[in-house]
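Asker: First the structure, which I've put down as C-alpha cells, then a few questions once you've had a look.
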Amino acid sequence: MEAAVKVAEDVHVGAPPGPLSDWVMRKVHFHGFAGLPTARGVSVKSPEFSCFGHQWLVVLYPGGGRLEGSKEGHVSVYLHNQSPESIQAYFKFVLKHPTDQTKRSFETGYAIQSFVAREGKGRHNFAKRETVLTYLNNGTLTLEVHLRSHKKAESNGYVPSNPCSGNLLKGFNNEEMSDVTFEVGGEVESAANRRKRAKTTPTTFHAGHLILKLNAPALADMCRPGNEATVPIDGVDPEVFKMMLYFCYGGKVGKEELAANAKAIIEAADRFGIVNLKLQAEAVLAKQTDITVDNMLDNLLYANSKNLALFQEKIMDFVAENGDRIVGNVSFDDVPDV
C-alpha cells in the first residue's frame, strides 16, 4: 500500500497575472490628414499619453510603411510602448465614420501582445488611403485606441499600509484632539431662490488648527489655536460644513452627497480655500447639469462668478454647437469679459 502524499505549498516563479482590467479608450486626432506626407516610410507621431502606468504613442504612416507586407496605397498604424518596462496588453485601433454609422468601421483585433520598451505593434495595411480620406471629420482623422491589461495580482503576504489617513480621521470632530471650535448655522441661502434665507439649527464642530491651515487656509485664518471663543460660521448648512471638514481630515465625500449638494459645496469650498473639494463638486455639477438655451446664460454667469473652468467649458461647447438657436434669443450683455 502506497504511503499518503502530503501536498506542500506551491512554488511560483514570477508574479501570476491579476484579473483583466476594463477596456480603456483614448481618441487620437490627426488634424489635416490629407496634407500629411504621403511618401512610403514617412511617419507622423502623436504626443505621448499615459495608460496602465506606461507611456504610449501612435505612429501613423499616411502613405504606408516600408515593412515587408505593406501594400501600396494603404495606411499603416502602430501603437508604441515608450516606457522602459515591458507590458502585456490587449489593444485595438478603431476607425469609425464621423457621421454615417451604417458605414463599415475599420478595426484591428489582436490577442494579448507583449510590448517591450520602445516597440510598436499594429497593422501594416490598416485601410486604403482613398477610403480613409472619406472618413475624415473636417479634415481630421480620429483613431480610437482601445487598451486593457492585467491588474497587478494581490500579494499573498500582508503588507501594512500607512496609517496616517486613518489616524487623522480619528481626530475628525473630536473635541479632545481639537484646539478650535466653530458654531455653524443661522441663516443659509436657499438653493431654490438665493434671495431667500432659511434658518438652520446651529451645530458645534471641533477641529485642529494645523489640519485647517494645511487644507482650508481661509478657514484657519478665521480662528486661533487654543482660543476658547467659538467662531460663528453663517451662510453654510451644517451638513455641508461637516462634509467639508471631513474632507480636510482625509475623508472622501461620496458621489451621491456631491451630486445632492454640488453648488453648496462649491460655495463653501470656494469660501474657505478647499481647492480639490471644489474641483470634485464642479466635475459632478458639470456632468449632471443639462445645458439648454433657457438656462445657458444663468449657468454661464454662475460658472464665471465661481471661476468654474470645467463647467464654463461645457457651457461654451453648447454655445458653439447651438449658435443658430441662441443668436437673437439670448443676450450676453451681462456676461463679463473672460
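The values are calculated or read from the model by the stated rules, or taken from the named source; none is laboratory data. Since this is a predicted model, take the numbers as computed values, not measurements. Cβ: placed from backbone, ideal geometry, glycine included. Neighbour counts: every protein chain shown. Heads up: the accessible areas ignore ligands, DNA and RNA and are worked out on the full protein's heavy atoms, side chains in. Shrake-Rupley method; radii C 1.70, N 1.55, O 1.52, S 1.80 Å.
Asker: Report whether or not residue 267 is of a type in the set (Asp, Glu), open to solvent by 10 Å² or more (accessible area, probe 1.4 Å) and farther than 25 Å from residue 177 by Cα.
Answerer: It is true that residue 267 is of a type in the set (Asp, Glu), open to solvent by 10 Å² or more (accessible area, probe 1.4 Å) and farther than 25 Å from residue 177 by Cα.
Asker: So residue 122 ticks every box in (1) more than 29 Å from residue 32 (Cβ to Cβ); (2) assigned to a strand (DSSP E or B); (3) of a type in the set (Gly, Ala, Ser); (4) over 27 Å from the mean Cα position of the chain (by Cα) but one. Which box is left unticked?
Answerer: (1)
Asker: If we only count strands (runs of 3 or more DSSP E) wholly inside the stretch 1-85, which ones have 1 or more residues that are within 20 Å of residue 125 (Cα to Cα)?
Answerer: Passing ranges, in order: 24-30, 54-61, 74-81.
Asker: Somewhere in the stretch 280-287, is a residue open to solvent by less than 20 Å² (accessible area, probe 1.4 Å) and among the charged types (D, E, K, R)?
Answerer: Yes, the stretch 280-287 has at least one match.
Asker: List pairs: first in the stretch 125-142 and open to solvent by 40 Å² or more (accessible area, probe 1.4 Å), second assigned to a helix (DSSP H, G or I), Cβ under 8 Å, 6+ apart or cross-chain?
Answerer: From residues that are open to solvent by 40 Å² or more (accessible area, probe 1.4 Å), the pairs are 133/33; 133/34.
Asker: Has the stretch 93-113 got at least one residue that is touching a residue at least 40 places away in the same chain (Cβ under 8 Å), open to solvent by 60 Å² or more (accessible area, probe 1.4 Å), in contact with a Ser or Thr (Cβ under 8 Å, 6 or more places away or on another chain) and farther than 16 Å from residue 46 by Cβ?
Answerer: Yes - at least one qualifying residue is present in the stretch 93-113.
Asker: For residue 85, state whether it is over 26 Å from residue 134 (Cβ atoms), acidic (Asp, Glu) and in contact with a Leu (Cβ under 9 Å, 6 or more places away or on another chain).
Answerer: no
Asker: Follow-up question, since we're still on this one. Within the stretch 68-90, how many residues turn out to be out of contact with any Ser or Thr (no Cβ under 7 Å at 6 or more places or on another chain) and of a type in the set (A, V, I, L, M)?
Answerer: 3
Asker: Counting only residues that are farther than 24 Å from residue 170 by Cβ and among the small types (Gly, Ala, Ser), give me the helices (runs of 4 or more DSSP H) lying completely in the stretch 208-294 with at least 3 of them.
Answerer: 275-288
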